[in-house]
Amino acid sequence: MPLSNDDLAAIWLTLKLASTVTVILLLIGTPIAWWLSQTTSWFKRPVAALVALPLVLPPTVIGFYLLVAMGPQGPIGQFTQWLGLGLLPFTFWGLVVGSVFYSLPFVVQPLYNAMTAIGLRPLEVAATLRASPWDRFITVVLPLSRPGFITAAVLGFAHTVGEFGVVLMIGGNIPAETRLVSVQIYDHVEALQYSQAHSLSALMLVFSFIVLLLVQGVSRQNTQRKGHG
Amino acid sequence: MPLSNDDLAAIWLTLKLASTVTVILLLIGTPIAWWLSQTTSWFKRPVAALVALPLVLPPTVIGFYLLVAMGPQGPIGQFTQWLGLGLLPFTFWGLVVGSVFYSLPFVVQPLYNAMTAIGLRPLEVAATLRASPWDRFITVVLPLSRPGFITAAVLGFAHTVGEFGVVLMIGGNIPAETRLVSVQIYDHVEALQYSQAHSLSALMLVFSFIVLLLVQGVSRQNTQRKGHG
Amino acid sequence: EPLKVAVASNFAAPMLAIADEFEKQSGYPVSLAFGASGKFVAQITHGAPFHLFFSADQSKPQALLDAGIAQAGSQQTYAIGKLVLWSPGQDPQQGNILNGPYRKLALANPRLAPYGSAAVSVLTQLNLLQSSKARWVQGENIAQTYQFVQSGNAELGFVALSQLMHNGALDTQHTWLVPSHLYPPIYQDRVVIRNAHERADTQAFLTFLQSPYAAQIIRSFGYVLPGQDQ
Amino acid sequence: MDKIEISLDLQLSKQFNLALDCVLPGKGITGIFGHSGSGKTSLLRFIAGLQPCAGASLTVAGQIWQQGKQKLAVHQRPLGYVFQEASLFAHLTVQGNLDYARKRAWPGTGIPYPQIVELLGIDGLLRQLPDALSGGERQRVAIARALLVNPSLLLMDEPLASLDEKRKQEFLPYLHNLHQELAIPVLYVTHSLAELTRLADYVLMLEQGKLKAQGSIAELSRQLGLADPDAPFCVLDAVVTASHPQWHLVSAQSQSASLWLPDSGLKVGEPLRLHILARDISLSLGNHNDSSILNRLPARVESVNTVQDAVMVELSSNAGALLAKISLRSAEHLHLQVGQSLFAQIKSMALSR
Amino acid sequence: MDKIEISLDLQLSKQFNLALDCVLPGKGITGIFGHSGSGKTSLLRFIAGLQPCAGASLTVAGQIWQQGKQKLAVHQRPLGYVFQEASLFAHLTVQGNLDYARKRAWPGTGIPYPQIVELLGIDGLLRQLPDALSGGERQRVAIARALLVNPSLLLMDEPLASLDEKRKQEFLPYLHNLHQELAIPVLYVTHSLAELTRLADYVLMLEQGKLKAQGSIAELSRQLGLADPDAPFCVLDAVVTASHPQWHLVSAQSQSASLWLPDSGLKVGEPLRLHILARDISLSLGNHNDSSILNRLPARVESVNTVQDAVMVELSSNAGALLAKISLRSAEHLHLQVGQSLFAQIKSMALSR
Ligand SMILES: Nc1ncnc2c1ncn2[C@@H]1O[C@H](COP(=O)(O)OP(=O)(O)OP(=O)(O)O)[C@@H](O)[C@H]1O
Ligand SMILES: Nc1ncnc2c1ncn2[C@@H]1O[C@H](COP(=O)(O)OP(=O)(O)OP(=O)(O)O)[C@@H](O)[C@H]1O
Ligand code: MOO
Ligand SMILES: [Mg+2]
Ligand SMILES: [Mg+2]
């Protein structure tokens, strides 16, 4: 079963969204994870819990509340309008915001774990070698938490590709703008067009499998080392 | 807005499902993560990719395929019938199987990272202290990857609570058997009963926030240590 | 075991009221599930233990019949849906608003929901299909379409009349009841899933649906009953 | 039967190949000596089973630990290992670390727990986590833990590197007794010649992964002496013959000569290894009775070699072969020549073990 | 101005309190000495700014590093730190680790890179990752890295613990020159008295977190000597007066006496510190000219003390105060008594630095 133009547009859009979201997630998640891994403030626990919260709500429900919040009467909507950005729902950037919100815990968790695992010693060493906090972060924390970044990127990307409920709710299913592969497959299933659903799903699976395989390759180096540091 | 009996049944069912699934996830995820962290076989990368695969498919689509696979004609369905268990879809155990499949990557990833971070040295030391592989696993690997287990349990539990697409598809929305809170909220929204949806969502958020806060507390000990080991 | 009924989203509200009354009168417990009709077909095909299926259209019950899953001869229209154009906050001017400068128009996905295809017919009849298409936002089902409009993200949208009815009256003034000649009638059919017709509660429920009380409720949500004037 | 037979060829990196084929004694302390990077740690790891090496073979006291495809798992080898780096379990307290070994101890009469804890001075630390210990404290706990598993072979990788002098002085005799009383063979990696000659009965010298020399400490003493340009020495094997408690001295017989040395609790009849630094031996033409130097051995010059900035004089005496290091000026002054007779003077204090 | 002023009171654990109030010289090598767990590492960490301590103050060469709430961040303190444990960046090769320091080096003329790499013998390792290094190799890379940041104060925590004798012998004089040529003050933690007396100009002795003693090495030599029951010693400050290349010896003047010692590249006029073990000094009633012992100093017995199993004899000579350790039997034999005149004999070889 060859892919329709709609299918192709959905695939392209999905890749664009997932890449954008992954980049933004890493940009936002890194400072949050770093702050969480370093702070001793009592603030830490509530913030960590807050970050994990999107996990427990069903995506469609999150989507529903995001729709309300980003609407003309909602706080986010008022803010974006005040900024002159207009309203976010039914736009690509609306999907980006929703997906980022929804996938944040999957990015913060592995980054936080990786950063905690570094321990203090490498940072202490770098400080005695005249590295400023920012320098230490770039030259020590980032490279040493590379496995965490790879996991974070994989989870963030994959979760955005597979995400559905939120997108369905705030996307509005606009071809080439908000109609993602996940929505497209769902539509095929709902419309009882199973064979189209099958071929699109198979394509996604194969593609994702290959991507994941490649990513595993990148992170492979970290194994097979001796026990000491 | 007081909760209806249906709401209470849904809450109870959700907790039961999430707990069951979390336990099973840890039981299944631990050996997988351990194998992945230790093996050097070429098998490793495909298996790791395979485990991560449920991430990229929209939950409803996963649910659809699970439905087909567990149905009377599907391979899993034929197997469970052969075992005399009947069919899984639309039963509590069907939900368990679906949720486990869907949430597995969220459990395997943090466990794998934590186990890899231990390094070889503690295991080598334990071996020279006459600890058998199983003994080493219990007395060294498990305690040293505790932060990973906490993250895994949180992600697995929360994801099951918030999970929706898979459950909607293979659960069939049967009160007290497969109608989870997430589905219940969705139903309220569908039936335009917003105030009920709001109060149930709020309850879930508050409850989850408290649970997450407590879990953060348990895992707190791992900070504030000196850099060396 | 209660009577399990799968109901298309647009019929959620009337069904809740009907089932409530039925439970009271008959003592049979009823369990309702709401959702998109297409999903129910997939589920029922794969063994979902529903006894009755109230679809939003005619083709899906037909598909179940064709597959031999539904009880032969049990397909029947239980309501005929009415389409409304809803524009909270402004006057729809008998549909003329569709010519004006709005940003987004919400409708149900025409591939999935009969209310969506009805909306497409209306736009085609009004010669607005091409000019409006770029501003469509499609809900997965009619409930979502309603949310798009209700949250203000779409200024107007085609929804089911039933969604705007409350206690037999329209909730809002800013509606345009689309004249029925602009779209084919939305026949909503139900079927009995095989074997379920043997159950006493199935029969009792189907009978109750024919009762004046049930008819009254269905009508109060703006549906037309089969055989009635459109 | 009572031997450690090793045969391995291990390519660790492009530059480094560890290839050995040797038999070590299955009792006493075998010092493993060599420069940094010569393969000492790699050898211990191989013996412990931590460093895989295809085609190698290893037999310990008649028990095959590795041969062909057959390989005894690490936890089935009755050994104790003190690693070169800190290796405490970070999740257990000091007590927990010790208990880990005690619970899994090999059967047999081990060294009593309280004795070990006291010897290593860790009783005050039992409740601490490893992260809150100082470097030396961590090392001591690691030694205690390795002893507590009651091993039949002890592998120690520079165990005393971060111990202070006092502890070292307490621990060395203890380790010495350990293998005598409990007959546990010890493979002991060290950089310190002093530790080596003091402790080791047998020595394995590695150089860039190859066996440079092996043999009893007496056999190797000259070679070892030369390995330490700053402190050449010779070794005499002696037996305690008499005790003089009033002077805190003992007499010891080395070959046919009698020597005075400090009494560090030695028993009559006990065998001794005397490690005499070449620079501690002075030469005198006359036998001067009016000095504090108690040991004055008639000796004959066997060879005179100028090394760098000094002269090494090999002597034969009735105590055995001796090596003296004197200045060029003294050699000239004494007109040293082969065959010359003179007195080798050794302060008793220089003979303290 | 040129001083390190420290005042801190740090409760590290329930049992351990580090409380110091002292001024260290801002040049030369200061040895920090004490038993395991006495607080040496904690002190270095405080000075580096790694161990927070409220209310403490620290001034280095007139620059305030900590006072009141004011605290200079670690990376703003011009120091180099060799940690007690391995501390290489695991994600960088040896070259990467060295470059990390070079890129961030403090301004000023540093020690040339090739010289450091050669001195520490790490040129063959530059491409390796730390995990593939031996213990000693890791330590050497860490030392090189600390030097390459071109510090104004060098903190070294047992840097030579896992280095072999040969490297140590090469490195120690280098470190000695380092502070002379580049005037970098060094705080040097060690357990080894030999290292301490060989290197340190000034000594800080810690005991259970408290200052036990501090002072120049000469001032502390007796106290230090007694701290090492096995090797008491005395220290003479001397100046090279003449060189005798034909014998590889130099003459050095200590107070009014002249001493022979091996020429280890010493220049005339160079100041020296001679560290003489008490057991290396023998006493003789007569002045015997026919022995290889070059240094024979007329001396007077100042005190005679029996310690444990031997006799410590304090002497005054025209080279300064001396300490000899002889056996009880010799003391008896020589009828030693306060005021007695005799000759203190010291082999030139015993004076090698
Ligand atoms: N983070 C900590 N928490 C609690 N106690 C600590 C901590 N760090 C060190 N200590 C304790 O403080 C004391 C001094 O430790 P420190 O590391 O300064 O000793 P040290 O003199 O360097 O010893 P060593 O020669 O063995 O390295 C030790 O008794 C140690 O147990
Ligand atoms: N995993 C490894 N991969 C590659 N090379 C290694 C590995 N482990 C050790 N080497 C190299 O093998 C050589 C021997 O290392 P080993 O640790 O056995 O030395 P060592 O004799 O114990 O030295 P030290 O006294 O410094 O501890 C070194 O040159 C080291 O760089
Ligand atoms: O949920 Mo509907 O009524 O099939 O659009
Ligand atoms: Mg080593
Ligand atoms: Mg220390």
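Between the Cα long axis of helix D:165-181 and the first principal axis of chain D there is an angle of about 80°, rounded to the nearest 10. Cross-link reach is defined here as a Cα-Cα straight distance under 14 Å, omitting same-chain residues fewer than 8 places apart; for E:LYS27 the aspartates and glutamates meeting it are E:ASP2, E:GLU5, E:GLU181, E:ASP201.
Considering the rotation that superimposes chain E on chain D, the residue of E whose beta-carbon lies nearest the axis, and that distance in Å, is E:ALA161, 2. Only Cα pairs under 8 Å and 6+ residues apart enter the sum, and on that basis the relative contact order of the stretch E:233-350 stands at 30 percent.
Taken about its Cα centre, the stretch A:5-222 carries a charge dipole of roughly 860 debye when the Cβ of each Lys and Arg holds +1 and the Cβ of each Asp and Glu holds -1. Structural descriptor for chain D: relative contact order 15 percent, calculated from alpha carbon pairs under 8 angstrom and at least 6 residues apart. Within straight-line reach of E:LYS347, meaning a Cα separation under 20 Å, sit the following lysines at least 8 residues removed in sequence or on another chain: D:LYS325, D:LYS347, E:LYS325. Between A:ALA52, A:PRO75, A:GLY63, the Cα set farthest toward the positive side of the dipole of the stretch A:5-222 (charges on each charged residue's Cβ, about the Cα centre) is that of A:ALA52. Across the identical copies, the label point of E:VAL268 (7 Å from Cα in the Cβ direction) is separated from its matches by 6.1 nm, in order from shortest. To the nearest whole number, what is the average tally of beta carbon atoms from other chains within 10 Å of the beta carbons of peptide B:63-69? Partner-chain Cβ atoms within 10 Å, mean over residues of B:63-69: 5. For the stretch D:3-217, the share of DSSP beta bridges that are antiparallel, to the nearest 5, is 55%. For the stretch E:19-28, backbone phi angles converted through the Karplus equation (6.51, -1.76, 1.60; θ = phi - 60°) give residue-by-residue couplings of 10, 9, 8, 8, 10, 10, x, x, 8, x Hz, Gly and Pro being listed as x. Each other copy holds its own label point for D:GLY286; taking that point as 7 Å from Cα along Cα to Cβ, the gaps run 0.3 nm, nearest first.
In this structure, the amide hydrogen of C:ALA79, modeled 1.01 Å from its nitrogen in the peptide plane, lies closer than 5 angstrom to those of C:GLN188, counting only residues at least 5 positions away or on a different chain. Packing around the peptides D:286-293, C:98-105, D:135-142, taken as the average count of other Cβ atoms within 10 Å per residue, puts them in this order, highest first: D:135-142, D:286-293, C:98-105.
The angle separating the long axis of helix A:92-118 from the principal Cα axis of greatest extent in chain A is about 30 degrees. Close amide H partners of D:GLU207, meaning residues 5 or more places away or on another chain with modelled amide H under 5 Å apart, are D:LYS212. Averaged over peptide D:274-284, the number of partner chain Cβ atoms lying within 10 Å of each residue's Cβ comes to 4. Bridgeable lysines around C:LYS24 (alpha carbons under 24 Å apart, same-chain partners fewer than 8 residues away excluded): C:LYS4. Shape class for the stretch D:1-128, computed from the alpha carbon gyration tensor (a ≥ b ≥ c): prolate, with a/c not under 1.5 and a/b above b/c. In this calculation the C-beta distance from D:ARG102 to E:VAL338 is compared with R0 = 35 Å, giving a FRET efficiency of 0.05.
A Gaussian network model of chain A, with springs between Cα atoms under 10 Å, assigns the largest mean-square fluctuation among A:PRO89, A:PRO59, A:PRO75 to A:PRO75. Among DSSP beta bridges lying fully in the protein assembly as shown, give the percent that are antiparallel, nearest 5. Among the beta bridges of the protein assembly as shown, antiparallel pairing accounts for roughly 75 percent. Measuring r between the beta carbons of D:GLN63 and E:THR241 and using R0 = 56 Å, the FRET efficiency lands at 0.30.
Chain A residue nearest the rotation axis toward B, with distance: A:ALA117, 2 (Cβ to axis, whole Å). Build a GNM of chain A with springs between Cα atoms under 10 Å apart, and of A:ALA33, A:ALA197, A:ALA18 the one that fluctuates most is A:ALA197. With a threshold of 31 Å on the Cα-Cα distance, the over-threshold entries among B:LYS44/E:LYS103; E:LYS3/E:LYS103; B:LYS44/D:LYS71 are B:LYS44/E:LYS103. Per-residue 3J(HN,Hα) values for the stretch B:50-63, derived from phi via the Karplus relation 6.51 cos²θ - 1.76 cosθ + 1.60 with θ = phi - 60°, read 4, 4, 7, 4, x, 4, 8, 8, x, x, 4, 5, 4, x Hz in sequence order (x marks Gly and Pro).
Using the Cβ-Cβ distance between E:ALA19 and D:GLN15 with R0 set to 56 Å, the FRET efficiency works out to roughly 0.65. Distances from B:LEU213 to itself in the other copies, using label points 7 Å out along the Cα-Cβ axis, amount to 4.8 nm in increasing order.
Residue by residue along B:185-198, Cβ atoms of other protein chains within 10 Å of the local Cβ number 6 on average. For chain E, the longest principal axis of the alpha carbon atoms and the long axis of helix E:217-227 meet at an angle near 80°.
Only the coordinates and a few stated rules stand behind these numbers; no lab work does. Computed from a prediction, not measured in an experiment: that's the story for all the values here. Because the Cβ atoms are built from the backbone with ideal geometry, glycine has one as well, and the counts that use them run over all protein chains shown.
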